Amino acid sequence: MNISHASLDGSALGTRWWMLVVRGIASVSFGVLALAWPGISALALVLLWAAYALVDGVTAVAFAARAGEQGRRWGWLLFEGLVSIGAAIVTAMWPGITAFALLMLIAAWAVLTGIAEIVAAIELRHVIRGEWMLAVCGVLSIVFGVVTVILPGPSAMALVTILGAYAVVFGVLVTALGFRVHNWAAREKRALVGATPAHA
């Protein structure tokens, strides 16, 4: 039985599946809090989103770094993480940001990270299974970013609702991807352990 180099890389990356799960749980948690807290203040929303973006960015960078150790070109995933971290820092340092400015910042973040997710999913297709979930996340992010821009002056309530719903759906997809990577990597590891070397 032959084990491909892609399988080896996938199994190694599978050991970091929990990073995707953490990222997904952070997104779902943020979304649920936003939806369950309809009277959230602008400052609380800013700080809450900044915390979420920071966690999202750090986990994306960590996963990209692990991929880099395997010799994979995951610059787009690293780019996504840095964009999230940058957005979190800007938001945290600008607590008095207006609703419109926050909307534009989040929209730009969603579009940029969405593009990065789609490109990363394309690069992932030969390494793991379930990469289509990351591509769906990317499309969802871009659609969310575009919709928030074209909406005619959404109210604060509408902004929180849209943002919360997006975060929940995004988080569920990323969490599912994390567990799928884990399960696939476990199968690859079992196949590797059970493989018989072609030459002694």
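Remark: pairs (first residue in segment 97-114, closer than 11 Å to G138 by Cα; second residue in a helix (DSSP H, G or I) and of a type in the set (S, T, N, Q); Cβ separation under 6 Å; 6+ apart in sequence or on different chains) = A110/S141; T113/S141; G114/S141.
Yes/no per residue for (1) crowded, with 18+ Cβ neighbours inside 10 Å; (2) at pLDDT 80 or above; (3) within 24 Å of V32 (Cβ to Cβ):
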residue: L77; (1), (2), (3): yes, no, no
residue: P95; (1), (2), (3): no, no, yes
residue: I115; (1), (2), (3): yes, yes, no
residue: H126; (1), (2), (3): no, no, no
residue: L151; (1), (2), (3): no, no, yes
residue: F170; (1), (2), (3): yes, yes, yes
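Return the total of residues in segment 3-38 being outside any helix (DSSP H, G or I) and at pLDDT below 75. Number of matching residues: 5.
The values are calculated or read from the model by the stated rules, or taken from the named source; none is laboratory data. Owing to the predicted nature of the structure, the values given are computational and were not obtained by experimental measurement. All Cβ positions, even for glycine, are placed from backbone atoms using ideal geometry, and neighbour counts span all protein chains on display.
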